[in-house]
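A.B. asks: Sharing a structure below in C-alpha cells format, with a few things to ask.
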Amino acid sequence: MPFQRRSFLSALAALGLPALPVAGAHAQAAAAPTGTPVRIGGSLALTGPLAPTATIHKLVGDMYVESLNQRGGLLGRPVEWVLKDDQSKPELTRTLYEQLVTGDKVDLLIGPYATGAILSAMGVAQRYNKTLVHHTFGIPSLAKYEQQFPAWSMGPEPQVTVPNMVLDALAASSKPPKTIAVLTSKFPSVQFMSYGAREVAKKRGLQEVLFLEWDIGNRDFGPIAGRVKEANPDFIWNGVLGLEGNQLLDAMKKIDYQPRQHFYMYPAPGPMLKAPEAANALTVTIFEDQPPFTSTPIAAAFAKSFNERATQANLPDTHAETQAAASFAAWQIIEAAVIATRSLDDKKIADWIKANQVDTIEGKLRFNEKGNFGADLSKLKQVQNGRWVVVWPAEFSNGAKLSV
Amino acid sequence: MGGAHVASGRESLGPIGRRADGGMKRKLALLLVLAIALAALPFVGLPQSWESILYLVFHWIALATSWNLLSGYAGYFSFGHGAFFGIGMYTTAVLTTRFDMPFAWTLPLAALAAALFGSALGAVAFRVRSVRGEVFALLTLAATFVLATVILNTPIDGGPGVYLNAVAVPTLARTASGSFYLLALGAAALALVVAVVVFHSRFGIGLFAIRDDEDVAEVMGVPTYRYKLVALALSSGIAGLVGGVQALFVAYVTTADTFGIALPLTVVLMAVLGGTRHWAGPAVGAIAITALLLGFTSADNAIAGRVVLGLVLIGVILFLPDGLLGGWMKRGARVRRLEGDAAARAVGADEIAAAAASPALREPSNPDAPVLLRTRKLAKSFDGVRALDGVDVEIRRGEILGLLGPNGSGKSTFINVVSGHYLASGGQVEFDGRPLARLAAHRVARSGIARTYQIPRPFAHLTVLENVALSAMFGAGSLGRRQAEAEAWEWLRFTGLASRAGSLPDSLNLHQRKFLEFARALAARPQLLMLDEVLSGLTPSEIDAAVALIERIRAGGTTIVFVEHVMRAVAALCDRVLIFDRGELLASGSFAEVMARPEVVRAYLGQEDEGASPAGAVEPEAVHAA
Amino acid sequence: MTLPSAGLLAQAVVGGIFTGAVYGLLGLGLSLSWGLLRQINLAQFGLAFASAYLAYELQQHGIDALFALVLLPPVFFVIGAALQWVVERFRVTPFNSLLVSFGITIILEALIQWIWTADYRRLETPYGDLKLKLAGVYLPLPEMITLAISAALAAAVWLVMRRSDIGRAIRAAAEDAPIAIAFGIHQKALALGLAGLNAALAAIAGVCIALTYTLAPSQIFAWVGVVFAVVMLGGLGRPWGPLIAGCAIGVVEALTMAIAAPAWAPLVSFSLLLLLLLCRPGRA
C-alpha cells in the first residue's frame, strides 16, 4: 500500500539513510512543503504540578512535527504546532482551546495532558464540532463525545481488562498469588481502576486481606506500609500515580519489608528503575524501547530520536515508553486521517478514523467500541536488574519471564 | 502589626472623600453603565476567543472583591475562600447531576450553602476573643482542609470527581462561552455593587473601624460580632455563587483542583496588589494578575512568564505599598485634603477662641440628684492580680466625679470595666436602673456611656471627621450617616478641631488628639462620660482650655467621671472625689475633706506624714479659662 | 477498622515525629520571620528547595550532602540578609511581605525548572538506606539526621533568644522597634542578621528534604498549607513551636492512618487544630 511504503521511506529519510530503490516503486524524495501552514493547536501543562510528564509530550510533539515537515508536511503544506501552556489548570485549558479555535483559528486540534484537561478540551471541541485526538485520557467511561479519539489504547473497560491481564500473568507464573492487598490513591484515573481490580480479584477467588485509600497529597506512607507488612499479602495492587509508588516502596524498605509481587498503575518510570527495592515491580505499558516494539522502522526511529532529544534536554529518564508512545501515536492518527481523507475537515477525519484502523507504533488501533476506544493493548512490564522488561503477553515478552 | 507606618509622612489610606450621598450613587451608576456595556459585547461582535478570557477575569474579580469584604474591610485576613468556592462548586455539581436540578436554580443554592457554612464558621470563631489575625487565617485554612477531606471521603465526591457534561448550559447568549461570560459578569457586578454599597454605608465604616482597632470600635458602639458575621456571610455567599458557575464551566469537578492552596493565596495577592482599603482595589488586582497569567500562555516563554510575574508582584508592592489603587488615590486625597483644610480653617480659627473665651458657669451639683450609675462589689482580676477588688460606687446625675489614687490603684480598670472594654470578674453594674455588667461593650455604648482613652486611640485610617461621625452613628444617639456627619461637625467646632476635619489622626499633635477623643466621646451623646487622664501631657494653657471644655460639657447636662492626676483641675471641677488604692475604694467626699485624711496621704506618699497633704501643695482656686 | 498491633502504632508515632521534624525545619524560619520580623516569608519554601536542588547538584559532582549542610547555609545567610536589606528600604507591611515573598518564590521555582527541568530528581547517598532497629521500631538514618538537626536548631535558637543579649535585643526590637532603637539596640543590623539566619535555616531544611524526599519544582507549594498551619499553631516566633506543632500534626495523622482509613487523616488533624484554636483561653 502506498501509505506504508511512503512511511517506510520517510523513516529511512529520518534515520539519515538514503532512500534505497525498492522493486516496483520509485523513491520519493521528501519535497520541501510549501504554502500556508497547516496549524494544529493544543495545550500542555508546561508549568505546574503536571509539568514533569507534560515535558515528554512537548518533546515528542516537537520531534514529530519536525520529522513531518522533513517528509513533506501534510498535504504538501508545512505543519505548525500552536502550543500553549495551561499551567496544569483545567479552566485555563478550556479558555486556551477556545482561543485556539476561535482566535487563532487553527485547522486541527490535538489533546492536552491528562484526563481533567482533556475533558475541558473535549467540551470545547464538542461545541465547535472539532475532532479531538488525545493521548492521555484515563477514564474511558467519561469519553462521551463522538468526535474524540484516544491514542492510548486501553480499551473501554480497562478496570476489568487490565487487572485480568495482570492476574493472568501472575496465575501463569510459578507462584500464583492467593491473597491480595489493594492500595490506592483517590485520584480519579487510578481509583476506578483499583476498584475494578478488587472486583476482578474477588471473581477470581483471591482473598483481599487489605484495602486502603489515601488522599492525593499524602506525604507519610509509613503507617500504610506498616499495615501492608502486617497483612503480608502475596500480591499488592498499587493504584498510584507518579511518585507515590516510590514513596510506598521507600516506606516499606524503611521497615524491612519487601513486597513479594507488586503492581503499580501509573508510576513515574524513571524513579522506579533506580530504586533497588522496586525489583520485580510490575506496571502496564503499551510501548517499550526494545523488540518487538521497535521492530518496525518507524518505531525504531522514534525510540532513537526520543532518546537523543531527551538526553539533550537533560531529562533524567531518556527511554521512550508509554507516555511518549501515546503522544507519538496521537500524531500518527492525525497524519493518517488527514492523508487518507486528503482534507482538514473535522467531520471527514472523524468519520474516517471511526471506520478504519490506524497503524501506529502501538500497533493497529481501532476506535469502534464504547467511547471510541478499541482494544486494550496494555502489556505488562517488570523491573528486572534495573531495566524494564516486558513479561506478558508472551508475544511481546521476547522470551523474558515474570520473575517472582 | 505594621508599626513602620507611624508618622512616616507616607500616610496609609482610608476611605477618604467618602460622602454618604452622591459618592455612592455616582459609583453605582458608573458600574451599571459599565455592566450593561460589557453585557452587550457578546451580542455586538466580541470575538469568541475573548469570551472565555473575560470569563476568567470576571470570575477573579468576583472572588477577590468578595474576599475583600471581610478581609480587606474588617482586616480579618482569611485563607478559607477556597472552602466557600468549593462548597458552591460541589453544590451545583451534585444538584445538577444527581438530582437533575436545572443549573440556574442551583446557583442561589450554591451561594446559600456557602454563606451558611461561612456563617457557621464565623459564629463559632468570632465568639472566641483570641481568634484574631493569623489565628483566624489558620482557622479558615484548616476548615478548608477539613471540608476537602469530608467531600473526598463521602458520597458527595468519593474520589472519581463529578462530571457535568450532560448538564445543559443556559442559553443567555449565542454561545455557551457567551453564557458563562454573562454569568460571571453578573457575579462580578454583584460583588462590586455589594462592595460599593458596604463601603459607603454605616456597616462599612464600622468594618473599617474594626480593622483599625476592634476593641475600641466595640466600645464606641460598633456591634463587631454581628458586623463581622454579616461580612463573612456576604463574602462566602458570593464565593459560593462563583463556584457554582465554575462547576459547569470546567464541567469536571475534583477535590484536588477545587481545594488547593492556589485559590486562597491568589485572592489575597490580587486584593493586596490592587489595594485592600478600596472597594475597587481587588478588581484592579484581579485584572492585573489575570492579564499577566494569560499573557504568558505561549509555550515558548512559559518559564520566563513566571519570572516576569514574580518580578511584577515584587515591583508593585515595593513601590506601591498600598496597592495599585492606593498609590493612585493618595495623590487625589492629598489634593482634596488641602482644599478641605483651607476651607475649614476659616471656620475653625474663630471657634477655638470662642471655646476658650466663654466663661464656665459652674453650678454645684445637686446631692439629691438620682443615681445614674451604681456598682456593687465590682471586681476584675488579671491572672490572679486583683485590679479591682469589690468596689461600691454611686454616681449621681449631673455631677463631676473625680477618681483619684496612685498609679495602679484601679482607676483606669474601673473605667475599662464599666465601659465594657474588659469583662468584669465579679460584681454588678447598674446604669439608669438597668444591669450592665455582662453586656457586650457595644450595648454599653448604646445605653449612653462613652469614654476617652488615656493614650488616644483614634482610628488611624479614618479622618478626624469620620472618627467622630462613627461615634455619632454607633453611640447612644444612633444617627444615620448624613446626620452623624453634621453632628460630627458640631462637635469638631466645639472642640476646636474643625480645621483638621479632613486630616488623618497621626498628623495631629497630642493636644489635638486628646480633643479628638473628647469630640468622639461627645458625639455619642452619652449620659455618662468617663475621661481617663485626659489632661496628661498637656501644657498649662492647654489644660485651661480643656477644663473650660469640660465645664461646658457638664453644663450641657452630661454626667462626668474624671480620672486625673492634675490636682488643680480636680479641685476646680469635681463636686465629689473618690480615692482608689490597690483596687479598693479608700475614701469619698469633697476634694478638700478627702485630701486631708491621713490614709489618703499615706496611700499617695507611702508614709505617715502628719500635716502634709497633697492638697496642701495646691491652692483650690478657680482656674482661669483664658 | 481493625485494631493494629502495638508495633504498628509505635512505628506510626515514630513516623509521625519524623514527618513533624521536617515541618519543624521548614517552619522554624517562617515562624521567626513572622513573629520577630513581622514578615510572612513564603520565600522560605523557595529557598529551601533551591538549597535542596543545589545539594542534589553537589552530590552529582561527588560532594556529599552532609557537606552541603556546611557549605550552603553561609551562602544563603548572605542571600537572606540581602533580600532583607531590600525589603527594609521599602518598609513592607506583613501582608505585603506575603506578596513580595510569593514573587520571589515564583521566580525561584521558575529558575529551578529552567535548570533542572520539571522532572523528578532524587539524591542518592551511600548511607541513605541505613537504619536502626530499636525495640521493634525502625529508625532510618536520614530521618534521624533530620530530627536531630531540627531539634538542635530549635534548641539553639531558643537558647539564643532566651539567654543571650542578642536574643533579648531581637525580642525587644520585635516588640517595639522605635523604643529599642532609642535604647541603643541596632535594630537594622539585627533584622539583617535574623533574616540571614532564617535563610540559612531554609538552606538546612532543604538539604534534609533532599535527603529524604524526591524533588520536583511543583513540590514547593505542596508544603505551604501544612507548614503554615504548623507555624500558626505553634505560635509565631517561638523556636520550639513549629517542631512541637509539626510533630503533633504528624503523629495524629500517622495514627489515624494506622487505625482507620488513611484518607481521613487530614480531617482528624485539622479538626483537632480547629478545636484547639477555638478552645484556647487566649494567646500567651
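Each reported figure results from applying straightforward, stated rules to the coordinates on display, with no laboratory input. Quick caveat: nothing in here was measured; it's all calculated off a predicted structure. Virtual Cβ from ideal backbone geometry, glycine too; neighbours counted across all protein chains shown.
A.B. asks: Using Cα-Cα distances under 8 Å and only pairs 6 or more residues apart, what relative contact order does chain A have, in percent?
C.D. replies: That works out to 17 percent.
A.B. asks: Right, here's the next one. When the scattering of segment C:18-221 is computed by the Debye formula from its Cα atoms alone, each counted once and equally, what is log10 I(q)/I(0) at q = 0.08, 0.14, 0.17 Å⁻¹?
C.D. replies: One equal scatterer on each Cα of segment C:18-221 leads to -0.29, -0.82, -1.13.
A.B. asks: Next up: Assuming 0.36 nm per residue, please report the length gained on full extension of the stretch A:Arg204 to A:Gln312 beyond their Cα-Cα distance.
C.D. replies: 34.2 nm
A.B. asks: Only Cα pairs under 8 Å and at least 6 apart count here; give the relative contact order of chain B as a rounded whole percent.
C.D. replies: Relative contact order for chain B comes out at 16 percent.
A.B. asks: Right, here's the next one. Quick check: residue separation of B:Ala37 and B:Thr171 times 0.36 nm, minus the Cα distance between them. What number comes out in nm?
C.D. replies: 46.3 nm
A.B. asks: Which FRET efficiency value, to the nearest 0.05, do you get for C:Leu272 and B:Ala440 by plugging their Cβ-Cβ distance into 1/(1 + (r/R0)^6) with R0 = 30 Å?
C.D. replies: 0.50
A.B. asks: Along the Cα→Cβ direction, 7 angstrom out, place labels at B:Glu490 and B:Ser201. What is the inter-label distance in nm?
C.D. replies: 2.6
A.B. asks: On the first, second and third principal axes, largest extent first, how far apart are the outermost C-alpha atoms of segment B:48-288 in Å?
C.D. replies: Largest to smallest, the principal-axis extents are 55, 38, 26 Å.
A.B. asks: A further question follows. Which listed residue (C:Phe18, C:Leu66, C:Ile40) has the Cα farthest towards the positive end of the charge dipole for segment C:18-221, taking +1 on Lys and Arg C-beta and -1 on Asp and Glu C-beta about the Cα centre?
C.D. replies: Towards the positive end, the residue furthest out is C:Ile40.
A.B. asks: Right, here's the next one. For chain B, what does the helix formula give at 222 nm: sum of -39500 (n - 2.57) over DSSP H segments with n ≥ 4, over the residue count, nearest 500 deg cm²/dmol?
C.D. replies: Helix-only estimate at 222 nm: -18500 deg cm²/dmol.
A.B. asks: Per residue of segment A:208-215, what does 6.51 cos²θ - 1.76 cosθ + 1.60 with θ = phi - 60° give for ³J(HN,Hα)? Whole Hz please, x for Gly and Pro, Karplus curve as stated.
C.D. replies: The phi angles translate into 8, 9, 7, 9, 10, 10, 9, 7 Hz.
A.B. asks: Additional query: Using a cut-off of 10 Å between beta-carbons, work out the net charge of the residues near A:Leu273 (Lys and Arg +1, Asp and Glu -1, A:Leu273 not included).
C.D. replies: Neighbourhood net charge equals +1.
A.B. asks: Also, I was wondering about something else. For C:Trp158 and B:Ser507, FRET efficiency with R0 = 35 Å and r from the beta-carbon atoms, rounded to 0.05?
C.D. replies: Once rounded, the FRET efficiency stands at 0.25.
A.B. asks: OK, next. Roughly what would the spin-label model give for A:Glu369 and B:Arg376, points 7 Å off Cα along C-beta, in nm?
C.D. replies: 8.7
A.B. asks: Then there is this: Could you name the aspartates and glutamates in cross-link range of A:Lys89, using Cα to Cα under 17 Å and dropping any fewer than eight places away on the same chain?
C.D. replies: Partners found: A:Glu98, B:Asp257.
A.B. asks: Shielding of A:49-55 by partners, i.e. mean partner chain Cβ atoms within 10 Å per residue?
C.D. replies: 5
A.B. asks: Which percent, nearest 5, of DSSP beta bridges in the protein assembly as shown are antiparallel?
C.D. replies: Once the DSSP bridges in the protein assembly as shown are tallied, antiparallel ones form about 45 percent.
A.B. asks: Which of B:Thr255, C:Thr214 has the fewest other C-beta atoms within 10 Å, and how do the rest follow up to the most?
C.D. replies: Lowest to highest Cβ neighbour count: C:Thr214, B:Thr255.
A.B. asks: Starting at the first residue of segment B:518-534, write each ³J(HN,Hα) from the Karplus equation 6.51 cos²θ - 1.76 cosθ + 1.60 with θ = phi - 60°, in whole Hz, x for Gly and Pro.
C.D. replies: After applying 6.51 cos²θ - 1.76 cosθ + 1.60, I find 4, 4, 4, 5, 6, 4, 6, 6, x, 8, 10, 10, 10, 10, 9, 6, 6 Hz.
A.B. asks: In addition: If you place +1 on the Cβ of every Lys and Arg and -1 on the Cβ of every Asp and Glu, how big does the dipole about the Cα centre of the protein assembly as shown come out, in debye to the nearest 20?
C.D. replies: I would put it at about 1400 debye.
A.B. asks: Suppose we take every Cα in the protein assembly as shown and form the convex hull; what volume per residue is that in Å³?
C.D. replies: Spread over its residues, the Cα hull of the protein assembly as shown gives 184 Å³ apiece.
A.B. asks: Shifting gears a bit: Of the beta bridges DSSP finds with both residues in chain B, what % are antiparallel, to the nearest 5?
C.D. replies: 60
A.B. asks: Sticking with this one: Just for chain A, what percent of DSSP beta bridges are antiparallel, to the closest 5?
C.D. replies: 30
A.B. asks: Restricting to DSSP H runs of at least four residues, report the calculated mean residue ellipticity at 222 nm for chain C, -39500 (n - 2.57) per run over all residues, nearest 500 deg cm²/dmol.
C.D. replies: So the calculated ellipticity at 222 nm is -25000 deg cm²/dmol.
A.B. asks: How many angstrom separate the Cα center of segment C:163-195 from the Cα center of segment B:110-164?
C.D. replies: Each part's Cα centre sits 39 Å from the other's.
A.B. asks: Once amide H atoms are placed 1.01 Å from N in the peptide plane, what residues at a sequence separation of 5 or more from A:Phe149, or on another chain, have their amide H within under 5 Å of its amide H?
C.D. replies: So A:Phe149 has HN proximity to A:Leu132, A:Val133, A:His134.
A.B. asks: Let me ask something else. Which of the residue pairs A:Lys105/A:Lys347; A:Lys178/A:Lys202; A:Lys379/A:Lys401; A:Lys254/A:Lys274; A:Lys130/A:Lys186; A:Lys58/A:Lys144 have a Cα-Cα distance greater than 20 Å in the structure shown?
C.D. replies: Pairs exceeding 20 Å: A:Lys130/A:Lys186; A:Lys58/A:Lys144.
A.B. asks: For chain C, what's the relative contact order in percent, using C-alpha pairs closer than 8 Å and at least 6 residues apart?
C.D. replies: Relative CO of chain C lands at 42 percent.
A.B. asks: Could you give each residue of segment A:118-128 its phi-based ³J(HN,Hα) in whole Hz, using Karplus coefficients 6.51, -1.76, 1.60 with θ = phi - 60°, and x for Gly or Pro?
C.D. replies: Whole-Hz 3J(HN,Hα) from phi for segment A:118-128: 4, 4, 4, 5, 4, x, 5, 4, 4, 5, 10.
A.B. asks: Let me ask something else about it. For the residues A:Lys130, A:Lys401, A:Lys364, what sequence is obtained by ranking on other C-beta atoms within 10 Å, fewest first?
C.D. replies: Listed from fewest to most nearby Cβ atoms, that is A:Lys364, A:Lys401, A:Lys130.
A.B. asks: Under 13 Å from the 7 Å Cα→Cβ point of A:Asn398, by amide nitrogen: which residues of segment A:325-343?
C.D. replies: Nothing falls inside the zone, counting backbone N under 13 Å.
A.B. asks: Sticking with this one: Quote the convex hull volume per residue of segment C:178-284, based on C-alpha atoms, as a whole number of Å³.
C.D. replies: Here the figure is 145 Å³ per residue.
A.B. asks: Moving to a separate point now. Going by how many other Cβ atoms sit within 10 Å of their own, how do B:Ser52, B:Ser447 line up, fewest first?
C.D. replies: B:Ser447, B:Ser52
A.B. asks: On to the next question. If only Cα atoms are counted, what is the Rg of chain A, and what is its Dmax, in Å?
C.D. replies: 21.5, 68
A.B. asks: Can you return the aspartates and glutamates within cross-link range of B:Lys377? Criterion is Cα-Cα under 16 Å, with same-chain partners fewer than 8 residues away left out.
C.D. replies: Partners within reach: B:Asp389, B:Asp392, B:Glu394, B:Glu430, B:Asp581, B:Glu584.
A.B. asks: Which far-off residues, 5 or more places away or on another chain, put their amide H under 5 Å from the one on A:Ala375, with H placed in the peptide plane?
C.D. replies: A:Arg366
A.B. asks: Out of residues 5 or more away from B:Arg451 or on other chains, whose amide H comes under 5 Å of its own, with H placed 1.01 Å from N in the peptide plane?
C.D. replies: B:Met530
A.B. asks: Is the C-alpha gyration tensor of segment A:151-209 telling us rounded, prolate or oblate? Criteria: a/c under 1.5 is rounded; beyond that, a/b larger than b/c is prolate, otherwise oblate.
C.D. replies: Oblate, since a/c reaches 1.5 and b/c is not below a/b.
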